[in-house]
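Novice: My structure is below; once you've seen it, I'll send some questions.
We did not get these values from a lab; they are worked out from the coordinates using the rules stated. Worth saying up front: this structure is predicted, and the values here are computed from it rather than measured. Here the Cβ is made from the backbone with ideal geometry for all residues, glycine too, and neighbour counts use every protein chain on show.
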Amino acid sequence: MDQIFKCVCPLIIFLSLFLVVNSVDWDCTRDIDCPSGWCLPPKSKKCIESICFCLPKDWSPLF
């Protein structure tokens, strides 16, 4: 029982940190202001209304 607890506890901590880090919004003025490594391929980082988003590379704004 103790071994299960020792394995599960770090897993819960890791997942909690992962969720907190991924829920952070970055402020930006240009696409280059978004942090590198923010998006996984094939998506690219885009700054829209001062918030970084991961969008498909062929995405274009309608406004």
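Novice: List the aspartates and glutamates whose alpha-carbon lies under 14 Å from that of Lys43, not counting same-chain residues fewer than 8 positions away?
Specialist: Leaving aside aspartates and glutamates fewer than 8 places away in the same chain, those within reach of Lys43 are Asp31, Asp58.
Novice: Right, next: Order 38-48, 3-13 from most to least packed using the mean count of other Cβ atoms within 10 Å.
Specialist: Top of the packing list down: 38-48, 3-13.
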